[in-house]
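Here the structure comes first, spelled out in C-alpha cells, and everything after it is commentary.
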Amino acid sequence: MATALLPAAAIITFATMMPGMERPAGAQNEDTYRELENFLSVFERVRANYVEEVSDADLIRGAIEGMLSSLDPHSSYLTEADFATMRLSTDGNYGGLGLTVTNRDGAVFVISPTEDTPADRAGLKAGDYITHIDDELLFGLSLDESVSKMRGEPGTDIKLTIIRPGRDEPFDVTLKREIIDLKPVKWEVDGDVGIININQFSAPTAEGVEAAIRGIDLAMGGDGPVGYVIDLRANPGGLLNQAVEVSDIFLERGEIVSERGRDSEDIERFYATSGDLTRGKPVIVLIDAGSASASEIVAGALQDHRRAVVMGETSFGKGSVQTIIQTGESSALRLTTARYYTPSGRSVQAGGIEPDIIVPQLSDPDRLDRPRLREADLRRHLVAQAGVEDAVLEDDSSPDPRFSATAEELEAEGVEDFQLHYAVETLTRVGKQPQRIAKAS
C-alpha cells in the first residue's frame, strides 16, 4: 500500500504525537522541537521557491540521506535499487568489475580489486582514484550512485579515468563487465603447507573453508599439512555469522567476538563450539589494509586466543555493526548500531588489527609508497569507543631490517607474492612443532 505524503502543517502535528516522543519537558527537548520547526520552515521555503519544482518525496529523501551521511561513513538510506545491490553483493553474484571502493575527497577510492575479476586483470590497484566513468565526473555523487554506474549488463564496456599516486597524468582504462560470481574460498598446497584464500564472507564461506581443509588433507595424504595459511588480504568482509563460523572452525572454545551498543548493558557475545577441524595445527593469518570487518573479526579472534600468528600489515579498522531496518515497502535504513570487540576487549574500530609480525609486500615495490586508506582516514568515522580519541596508526610501510630483498631479487628467485612466501616459509621451518609458533605470538 502506498504511503501518502503529509502537508507541512500535518507533519508538525504528527511529530508531536509520534509514539515515544512525549511532550517536551526541558531545555533539550525544547531545542529539539525548535530544530524540527526550523527544518519544516526550510522544507516549505524550498518547496515554494526553488528555481525548479521538486517533489516532496525527493526533498524528504534528500533530508533523510543528509541526516544519515552526517553520522558516519557506513550509515545510509537504501532505496529499492540500493537494497537490491547490497543483496547481490552479499550473495556473491552480480554484473560488474570486481572492486571494493569507498568515497574519498569527492572521488571513488579503490580499497582493493577482487582476484580474477575485470578490475584485477586490468591492473587496477589499491590506492587508485576513479574520477570519471565514461567521461562523466563522479564528484558529488554518493558511493551507491557511483557503484551503480560501474555495474551493468555483462559484456558491456566501461571506461574508468584513474589517478594513481606517483603518476603525473590521469589515464583511462576500458574494462568489460562480467558476472562477478565470487568464489569466496580457494585453496592450494605449497610444499607441506595448506593455503586457504578467503575473498569475502558471503553465505557459503564457512562451508567453503571446511571443504578447503578436507581438500588439503586429502591432497596431501598422511598427516596432512604441517600448518595452514589463512589469507584474508583484500577481503572487505561480509556477513557476521560467517566470520563467527569460520573462526569456530579453528577454535575449541571461548568468545569469538562481541557487539556492544550505546547502552552499557547492550552486549551480544558469540562463542566457539567444541571441535578444531585442523586438530590444533599451526595457523598463520595474512592481513593488509584491505582486510576489513568480518576479516578483522576472524584475525582478532584467532590472535587473542593465541591460535594463530597474524602477519602482514595493519588492517582497515572497520569495527562497527550496521543493522538493516526496513522503513517501507521498498526502502530500508542501514544504521550503525554497535561496535565489534575482540575476545580480549579490543575495539577493532579505527585502530584495526595490528599484526604480530609486520611483513611488507616487497614483491610489489609500488605498494610501499602507495597510500593505504583505512577507516581512520574516513570523514566522520567512529572512534574506538565513546570518549576515546582516534587511534593513531603507526606507519607500517618501513620494512624490518630482515626484509631487505628487492623486488628484482625476489623476481629472480621466482617469488611473486613475498608476504605469502614468507608465511609459507615460516610454517615450513616450524615443521611439526606447533609450540614454536605459539610462542611467536
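For beta carbons closer than 8 Å, sequence separation of 6+ or different chains, a first residue in segment 107-123 that is within 19 Å of Pro170 (Cα to Cα) and without any contact (Cβ under 8 Å) to a residue 40 or more places away in the chain and a second that is polar (S, T, N, Q) and in a helix (DSSP H, G or I), the qualifying pairs are Val108/Ser146. Scanning segment 246-294 for residues that are under 25 Å from Ile195 (Cβ atoms) and among the basic types (Lys, Arg) yields a count of 2. Of all residues in segment 156-187, those satisfying the criterion of being surrounded by fewer than 16 Cβ atoms within 10 Å (Cβ to Cβ), at pLDDT below 90 and assigned to a loop (DSSP other than H, G, I, E, B) are Pro165, Gly166, Arg167, Asp168, Lys183. Of all residues being within 23 Å of Asp231 (Cβ to Cβ), part of a loop (DSSP other than H, G, I, E, B) and among the small types (Gly, Ala, Ser) in segment 399-424, which is modelled with the lowest pLDDT? Just the residue, please. Among those residues, the one meeting the criterion is Ala405.
Tell me, which residue of segment 180-227 that is of a type in the set (Lys, Arg) and out of contact with any strand residue (DSSP E or B) (no Cβ under 7 Å at 6 or more places or on another chain) is farthest from Thr428 (Cα to Cα)?
Restricting attention to segment 180-227, the residues satisfying the condition of being of a type in the set (Lys, Arg) are 183, 186, 214.
Then drop every residue that is not out of contact with any strand residue (DSSP E or B) (no Cβ under 7 Å at 6 or more places or on another chain), which leaves 183, 214.
Values: Lys183: 27, Arg214: 20 Å.
Out of the qualifying residues, it is Lys183.
Tell me yes or no: at least one residue of segment 249-256 is surrounded by 22 or more Cβ atoms within 10 Å (Cβ to Cβ), within 23 Å of Leu382 (Cα to Cα) and over 17 Å from the mean Cα position of the chain (by Cα). Among the residues of segment 249-256, at least one is surrounded by 22 or more Cβ atoms within 10 Å (Cβ to Cβ), within 23 Å of Leu382 (Cα to Cα) and over 17 Å from the mean Cα position of the chain (by Cα), which makes the answer yes. Selection of first residues in segment 271-285 that are assigned by TED's automatic domain parsing to the domain that holds Val226 and farther than 12 Å from Gly224 by Cβ and of second residues that are assigned to a strand (DSSP E or B) and aromatic (Phe, Trp, Tyr), restricted to Cβ pairs under 7 Å at least 6 apart or on distinct chains, gives the following pairs, ordered by first then second residue: Val283/Tyr228. Here Arg47 meets the list (1) touching a helix residue (DSSP H, G or I) at 6+ places or on another chain (Cβ under 7 Å); (2) at pLDDT below 90 almost entirely, failing just condition (2). The condition of being surrounded by fewer than 21 Cβ atoms within 10 Å (Cβ to Cβ) and within 18 Å of the chain's Cα centre (by Cα) holds for only one of Thr337, Thr327, Thr314, Thr342, that being Thr337.
Does Ala289 satisfy the criteria of being modelled with pLDDT under 95, among the hydrophobic types (A, V, I, L, M, F, W, C) and out of contact with any helix residue (DSSP H, G or I) (no Cβ under 8 Å at 6 or more places or on another chain)? Here the answer is yes, as Ala289 does meet what is asked. Would you confirm whether or not segment 213-232 contains a residue that is within 23 Å of the chain's Cα centre (by Cα), within 20 Å of Gly300 (Cβ to Cβ), part of a loop (DSSP other than H, G, I, E, B) and modelled with pLDDT of 95 or more? There is at least one residue in segment 213-232 that is within 23 Å of the chain's Cα centre (by Cα), within 20 Å of Gly300 (Cβ to Cβ), part of a loop (DSSP other than H, G, I, E, B) and modelled with pLDDT of 95 or more.
The values are calculated or read from the model by the stated rules, or taken from the named source; none is laboratory data. Only a predicted model underlies this, so the values are computations on that prediction, with no experimental measurement involved. Here Cβ is always computed from backbone atoms with ideal geometry, including for glycine, and neighbour counts include all displayed protein chains.
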